[in-house]
Amino acid sequence: MGILVPPCILMIVIGSVASLSVAALFTAGFLPAVVLALALMATCGGRRARSDRLRARPERRRVARAFWHALIPLGMPSSSSAEFSAAS
């Protein structure tokens, strides 16, 4: 899904090489990305509904602690955003 959602380096390269509108490629990439995201959410929801192991909700304290431990990694830039900012 990362190659579909703008800003994607691949779309910029294809647009420049094939003389296509990069904006049109970005617009065309949203619909497949939304369909894939919805399919992934439906799959995860269906598997969760059929699983006996995940019926209990996690405690708020455990969720808060996990979020606290994930703050620094969540703030780190991903490789795709680092590539995009370097290309600008």
Scanning for something at pLDDT 80 or above, among the aromatic types (Phe, Trp, Tyr) and surrounded by 10 or more Cβ atoms within 10 Å (Cβ to Cβ), does the stretch 67-79 turn up at least one residue? yes
I'd like to know if the stretch 26-35 contains one or more residues that are at pLDDT 85 or above and β-branched (Val, Ile, Thr). yes
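The values are calculated or read from the model by the stated rules, or taken from the named source; none is laboratory data. Just so you know, these numbers come straight off a predicted model, no measurement behind them. Neighbour counts are summed over all protein chains in view; Cβ atoms, including those assigned to glycine, are modelled from backbone coordinates with ideal geometry.
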